[in-house]
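Read-outs: derived from the displayed coordinates by stated rules, not from any lab. Please read these numbers as outputs of a predicted model, since none were measured by experiment. With ideal geometry, Cβ positions are generated from the backbone for all residues, glycine too; neighbour counts draw on all protein chains shown.
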Amino acid sequence: MTSSAWRVPLIGALVTFAVTATLLMIMRPLMAIDETRYVTVAWEMWQGGSKIVPHLNGGIYSDKPPLLFWLINLVWGVTGPSEWAARLVAPGFGLLSVWLVAVLARRLWPEAPERSGLAALILASTGVFLLFGSTTMFDTMLAAATLLGMIAIWSLKDGLRIGPVLGLGVALGLGVFAKGPVILVHVLPAALLMPLWARAEGRPSIKGWYGRIGLAFLIAFGIVLLWLGPAVIFGGAAYREQILWKQSAGRMVESFAHGRPVWFFLALMPFFLWPWGWSRAGLAALKPSRLWADAGSRFVTLWGVSAFVAFSMISGKQAHYLVPELPALALLLSGMVPTAERRLRALRLLWLLPGILAAIAAAAVPFGAFPELPEGTGSWLLLGAGVAILLLAGVILMRARDGWRVEGLVAPMVLVAIEIMVLPILWTVYDPRPIGALIAAHSAHGVATTDRSYAGQFSYVARLAQPVDVIGNSADLGRWMAAHPQGLVLSAQPLDGVDGLSEIAERHFRQDDWRLYQVGAVTPPEAPAPSATGD
């Protein structure tokens, strides 16, 4: 492969990710809890809320920094508050990550330009990256920041230039704006472990190296202070505690959410490897001898392994926490040696296993295998369409002479097939818009909810002009009803015993039956008369 031929698979990788991510978005609604919550935070900012301190339900939202919300508002400034415009922001960083992984591969292995395009194709068609990369979340932003940081770190070894130092500082700052101090867990170990991966000849001096890393950290800190300084002032003491401690170090020391066992990520490894790591060539590329063969491989291995170990030790875990390490996996797999594997061609059908399992589950829905689903959420026609795509993928895999050449089609075709098969469930059970439309029609006098964990599931889709008031107890509900005659109350539990409320609708959403109540004319309760003794 010539030095310019890597651009062809890179373009194919960019097109593969863009088309597949768009299809996956089109075929599913805005998903609760995460996507609806983040778009609602952006919506409250758009409605006139603070641009410095994000808000949810009118209260300070300290779980995440503001970059995603800023970018959604920036896009809305051009398009208006469009749902699809908002949903394209995070996948845009996924597309950027596909390009950046090709750039990094070119710098790590300039003698093997073919690895650049292959690394991009592997990342673009890895199932987990496509799944989370097509959602409105923070992980593709963090992946792009991590890749920028790795490009800067690798460039630092070549001299005392200020450019890579500034680049690392900007990457760290971008990562903090995207998801907080967790960017340090993804980036800094590879920088601090330079003596393990750099070649002995020409290795930077220890003092000069760590001095430049420290300078980059100071640059990042200065960038972050441009936002964090005003934020901790305007957000108050509670926001300061949340954003500086609980949402970063607090999660690492003792998780208050998403507690998982230490082996959680190890158990998920087959899913992270699908489909490229499910082949002889892919597994051979991950042999220890290959992982430590050269400086570039050692660098990427230390990046991926250090993050894997760190997040395994942290008590709070979610599958998407390791999305920024998927580029490292793609870079390592790009060293695979293509093999025809003709005698084992039937084993390629294992790559379709996630789709086959989804087809079995979808076929069981009409027979009542999932009683929690409403009736009518199964469709034989859509099931047939999804199975047809799986069969087509199987034919392509069996007829292809070299399995590695078609692996880029596996995850896109399987994921699209799965979403087609579960379309009735997605749009019947997980679509927030039907309830949002009801809320919008009755929101003129205010909206409240008795669900204390309400995370904005319906606020954006209803385009509410004011945040939803979250009611803490029955006394607060009575006071809210008194202040909002004809107001709307949402509840995931029956409120039959509350005087002054009339149920106007009930809709199923996810695992709950949500009820909408209209407030009648309610007279505030009279204050008790003072006792004769004055007590």
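Given points 7 Å out from each Cα along the Cα-Cβ axis, report the A200 to T79 separation in nanometres with one decimal.
Distance between label points: 5.5 nm.
So the label point goes 7 Å from the Cα of A492 along Cα→C-beta, right? Which residues of region 35-62 then have their backbone N under 19 Å from it?
Answer for this model: 35-41, 56-59.
Using the 10 angstrom Cβ neighbour count as an exposure proxy, how do R28, R348, R7, R399 rank, fewest first? Don't skip to the answer; put the middle values down first.
Details: R28 19, R348 22, R7 14, R399 9.
The fewest-first ordering by Cβ neighbours comes to R399, R7, R28, R348.
Relative contact order of the chain, please, whole-number percent, based on alpha carbon pairs below 8 angstrom and at least 6 residues apart.
On the way: 834 pairs, mean separation 88.0, N = 535.
Rounded, it is 16 percent for the chain.
Test of the criteria: in region 79-137, which GluC sites (Glu not before Pro) are in a DSSP loop and have at most 16 other Cβ atoms within 10 angstrom of their Cβ?
Listed in order of number, the matching sites are E111.
Does region 342-429 come out rounded, prolate or oblate, given a ≥ b ≥ c as the square roots of the eigenvalues of its C-alpha gyration tensor, rounded meaning a/c under 1.5 and, failing that, prolate meaning a/b above b/c?
Details: a/c = 3.18, a/b = 2.59, b/c = 1.23.
Judged from the Cα gyration tensor, region 342-429 comes out prolate (a/c at least 1.5, a/b above b/c).
Any idea what angle helix 353-364 forms with the longest principal axis of the chain, computed on alpha-carbon atoms, 0 to 90 degrees, nearest 10?
Between helix and principal axis, roughly 30 degrees.
Helix 114-124 sits at what angle to the longest principal axis of the chain, using alpha carbons and giving 0 to 90 degrees rounded to 10?
The answer is roughly 20 degrees.
L392 to R290: extension gain in nm, 0.36 nm per residue of separation minus the Cα-Cα distance?
Numbers: separation 102, 0.36 × 102 = 36.72 nm, distance 3.44 nm.
Full extension of this stretch gives 33.3 nm more.
Mind counting lysine pairs for me in region 7-333? Cα separation below 21 Å, and the two need to be 8 or more apart along the chain or on different chains.
Count of close lysine pairs: 9.
Report the one residue of A145, P113, V103 whose Cα lies farthest in the direction of the positive end of the charge dipole of region 1-150 (charges on C-beta: Lys and Arg +1, Asp and Glu -1; origin at the Cα centre).
P113
If you stretched the chain out fully between L166 and Q47, how much longer would it get, using 0.36 nm times the residue separation minus the C-alpha to C-alpha distance? Write down the numbers at each step before the final one.
Details: separation 119, 0.36 × 119 = 42.84 nm, distance 3.54 nm.
Answer, rounded to one decimal: 39.3 nm.
In whole Hz and in residue order, list the ³J(HN,Hα) couplings for region 207-218 that follow from phi through the Karplus curve 6.51 cos²θ - 1.76 cosθ + 1.60, θ = phi - 60°; x for Gly and Pro.
4, x, 4, 5, x, 5, 5, x, 5, 4, 4, 5
Rounded, prolate or oblate: which fits region 433-519, taking a ≥ b ≥ c as square roots of the Cα gyration tensor eigenvalues, rounded meaning a/c under 1.5, else prolate when a/b beats b/c?
Working: a/c = 1.44, a/b = 1.22, b/c = 1.18.
Cα axes put region 433-519 in the rounded bin.
Find how much the distance from A361 to A483 grows on full extension, using 0.36 nm per residue of separation minus their present alpha carbon separation; answer in nm with one decimal.
On the way: separation 122, 0.36 × 122 = 43.92 nm, distance 4.84 nm.
Taking 0.36 nm per residue and subtracting the Cα distance, the gain is 39.1 nm.
Give me H508, H55, H186 ranked fewest to most by other Cβ atoms within 10 Å of their Cβ, as a rough exposure proxy.
Final ranking by Cβ density, sparse to dense: H508, H55, H186.
Please work out whether the chain counts as rounded, prolate or oblate from its C-alpha gyration tensor, where a ≥ b ≥ c are the square roots of the eigenvalues and a/c under 1.5 means rounded, while otherwise a/b larger than b/c means prolate and anything else oblate?
Oblate, because a/c is 1.5 or more while a/b does not exceed b/c.
I want to check the label-to-label distance for M269 and V305. Put each point 7 Å from Cα in the C-beta direction and report it in nm to one decimal.
1.2 nm
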